[in-house]
Amino acid sequence: TRGRKGRAARAAREGRADPDPGTGMDAPSATGLGAADPQLQRFIEVETQKQRFQQLVHQMTELCWEKCMDKPGPKLDSRAETCFVNCVERFIDTSQFILNRLEQTQKSKSAFSESLSD
């Protein structure tokens, strides 16, 4: 499980994880700043990546809570604990699969565009 968590965190840090792209809540684009202030541009990129990661964690928490918590109590029973672990692992696996698929699709489109321009 550690490898899955590491891949998801790395993907989020690299800005590849956008759990809900349709929200319109993206941070301002760092590319709109041009080369005027590279330090500010980098700061905005890092903050955007942090925001995406926080959105991913929030989405995962909400999904797994709804799926695994039948009745809240003073302790987490073993069934709920197992459910949470499995839910988080499947969420990470699914997110990673989608990211990889999007990257493959983007590469295919790029290769197709390049072949058309030849």
Calculate, axis by axis, the spread of Cα positions in the range 38-116 along the three principal axes, and write the results as whole Å, longest axis first. 60, 34, 14
For K50, counting only lysines whose alpha-carbon sits under 22 Å away and dropping same-chain residues fewer than eight positions off, the answer is K5
accessible surface per residue for the range 38-116, probe 1.4 Å, DNA/RNA/ligands not counted, whole Å² -> 77
Ignoring ligands, DNA and RNA, please state the percent of accessible area on the range 38-116 from carbon and sulfur, probe 1.4 Å. 59
Would you rank D70, D77 by solvent-accessible area, highest first, keeping every protein chain in place and using a 1.4 Å probe? D70, D77
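The values are calculated or read from the model by the stated rules, or taken from the named source; none is laboratory data. Please read these numbers as outputs of a predicted model, since none were measured by experiment. Just the protein is used for accessible areas: all its heavy atoms, side chains included, with ligands, DNA and RNA removed. Shrake-Rupley method; radii C 1.70, N 1.55, O 1.52, S 1.80 Å.
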